[in-house]
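Down below is the structure, laid out as structure tokens.
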Amino acid sequence: MDKHMILYRGSLKSCNYHCSYCPFSKHSMSERELEKDRMQWFSFVESVQKKAKTMHIGALMVVPYGEAMIHSWYWQGLAYLSAQIELEAVGIQTNLSFSVSDFLYCFENAGGVLAKLRLWATFHPEMTSVSEFAAKCKILAKKGISICAGSVGVPENLNLLQTLKQELHSSNENGQDIYLWVNKMDGLRRSYTQKECMDFLEIDPYFQRELVLISANTALCQGRLFVEADGKMRTCNISATLSDGKRWETLEEFPNPECSRKQCSCYLAYGGREDFMNQILFGPYPLFRIPRRPKAVFLDIEGTLLPNKETTKVPAGIMTGLEALAREEIPLFFATTLPYKKAMERCRKIRHLFAGGVFAGGAHVVLNQRQEYVCALKSAWLTEVFSLQQKFGFRVFAYREHDTLYKVTLLRPIQKFWKMQEAEELIHSISFDDECIRYFIEENCLQIVSDIADKASGAKRLCDWLGISLKDVVSAGDSEEDKKMINCYNHLK
């Protein structure tokens, strides 16, 4: 079973920073209020430790109102949670104003696992300098902590963010840049200019995703939960409290998602949805906002890139993700049962972003029109296939590349799907002369290819051509034909 993710917000509503736009700097919490937040946090930590296995909790992130990391109890709680074997990642949003050395000492002394820690660090130009903020990011990253950094996309701060981007260059333990994200500015009261958009895209290749309106869809919000200090629960940070009135302390399984919003208007909302693009860009727990950076991506077409067979329009959320991957120069490949020409026709609006792919269920592999592989079929048995058209009610489509037969499709009328029993009867009535074939059903199509042709082997061939390790590959698809490919590689949640 897939593991789930929880966001937690305590009763803390104060901050040590005094940014002009923020209400939390104007609220000072009493010792009694702080002690209440501490007790609530440790009570929540204890409950997660008890529920992690039975509720399949894989990750937890603290998203406070204000700054939590100036309080040592959050350090200790994160350490306890990171030591929980069922939890794969724990994280928190922070302005990084805490003492890094004190935090590391406390966290490790409490048994914390640094490799599981995720920090979402927010840069506040009014309160700290680029050099001070970047220095802390680098120290934490060199300790093996996964960290992202970011700020609101204020046009007047563009030069500062460009400098911060340079400072964070090649600064994590793998020699990669720490990702610098940019949130859209809600109070801008105008649209970004084209130049501003391009400038922010230079800083954050995923910035365009902030500008696309994403319609709310509870079907994509399974396995996520937002828990508040008093035990009330929401599907995400901007949705209403769940209507059944249940509290976290009595919860035994993840509730069905509910949503009171028309749109997912912030990253914590749209970034936590169970869609393949979130996971390709940011891994199995995308809310931490730490890029996955695969070395190749394989994507099915029908039902994945394109919602249905009637449209050639790629949804905006997917399109911005594809463009972001292209900006990062991550190779994109189709992985489809469609023949090459049909795939190019269906994907004419996005094919310029792709470097080739696996076509015809693995029987045809293409890399930038430079390298090509065709898994040939013998054609002698086609005569028998044609003779069975009337009996089984299909038309024959034989696909060839360079005069080499590589795929045969037996097409029925759209409303008459093939049944497995019929397919088996047909296949067993054909003399293949010891040729080993593979056949599979796609609704009204019965597809025949060589038995050594499938999407997984085609993707492996492309990776071999590129010298890419399979552990650095991700893939997505929604059919039986995709399962082997997804399971073979660094698959998505």
Checking the structure you have, find out if any residue of region 74-90 is open to solvent by 30 Å² or more (accessible area, probe 1.4 Å), within 25 Å of CYS236 (Cβ to Cβ) and in contact with a strand residue (DSSP E or B) (Cβ under 6 Å, 6 or more places away or on another chain). yes
The correct count of residues that are touching a residue at least 40 places away in the same chain (Cβ under 8 Å) and either crowded, with 20+ Cβ neighbours inside 10 Å or within 17 Å of TYR406 (Cβ to Cβ) (or both) in region 475-488 is 6
Being farther than 20 Å from ASP204 by Cα, open to solvent by less than 20 Å² (accessible area, probe 1.4 Å) and among the β-branched types (Val, Ile, Thr) narrows THR311, THR304, THR250 down to just THR304
All but one of (1) surrounded by fewer than 18 Cβ atoms within 10 Å (Cβ to Cβ); (2) within 23 Å of MET61 (Cα to Cα); (3) touching a residue at least 60 places away in the same chain (Cβ under 8 Å) hold for LEU213, so report the exception by its number. (2)
Qualifying positions in region 394-440 - open to solvent by 20 Å² or more (accessible area, probe 1.4 Å), closer than 28 Å to VAL366 by Cβ, outside any loop (DSSP other than H, G, I, E, B) and not aromatic (Phe, Trp, Tyr): ARG395, VAL396, ALA398, ARG400, GLU401, THR404, LEU411, ILE437, ARG438
Meets criteria (in a loop (DSSP other than H, G, I, E, B), on the phi < 0 side of the Ramachandran plot, open to solvent by 40 Å² or more (accessible area, probe 1.4 Å) and touching an Asp or Glu at 6+ places or on another chain (Cβ under 7 Å)) for SER243: yes
Any idea how many residues of region 417-436 are touching a Leu at 6+ places or on another chain (Cβ under 8 Å) and free of Cβ contacts under 8 Å to residues at least 12 places away in the same chain? 0
Given the condition of a type in the set (A, V, I, L, M, F, W, C), in a helix (DSSP H, G or I) and in contact (Cβ under 8 Å) with a residue 60 or more places away in the chain, answer yes or no: does some residue in region 443-451 qualify? no
Qualifying residue in region 182-200 (condition: over 24 Å from GLY317 (Cα atoms) and either within 20 Å of the chain's Cα centre (by Cα) or of a type in the set (D, E, K, R) (or both)): no
Yes or no: GLU67 without any contact (Cβ under 8 Å) to a residue 60 or more places away in the chain, surrounded by 21 or more Cβ atoms within 10 Å (Cβ to Cβ) and among the acidic types (Asp, Glu)? yes
Given the criteria in contact with an Asp or Glu (Cβ under 9 Å, 6 or more places away or on another chain), open to solvent by 20 Å² or more (accessible area, probe 1.4 Å) and farther than 15 Å from ALA229 by Cβ, does HIS56 qualify? yes
For region 221-235, give me each residue that is surrounded by fewer than 17 Cβ atoms within 10 Å (Cβ to Cβ) and touching a residue at least 24 places away in the same chain (Cβ under 8 Å). GLN222, ASP230
State whether one or more residues within region 451-474 are more than 32 Å from the chain's Cα centre (by Cα), among the hydrophobic types (A, V, I, L, M, F, W, C) and surrounded by fewer than 16 Cβ atoms within 10 Å (Cβ to Cβ). no
Within region 350-393, restricting attention to residues that are of a type in the set (Phe, Trp, Tyr) and under 24 Å from CYS463 (Cα atoms), which residue is surrounded by the most Cβ atoms within 10 Å (Cβ to Cβ)? PHE359
When you scan region 186-206, do you find a residue that is basic (Lys, Arg) and on the phi > 0 side of the Ramachandran plot, even just one? yes
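The values are calculated or read from the model by the stated rules, or taken from the named source; none is laboratory data. In this text, all values refer to a predicted model and were calculated from it rather than measured experimentally. Reconstructed Cβ throughout: ideal geometry from the backbone, glycine too, with neighbour counts over all protein chains shown. Side chains included, ligands, DNA and RNA excluded: accessible areas come from the protein's heavy atoms. Shrake-Rupley method; radii C 1.70, N 1.55, O 1.52, S 1.80 Å.
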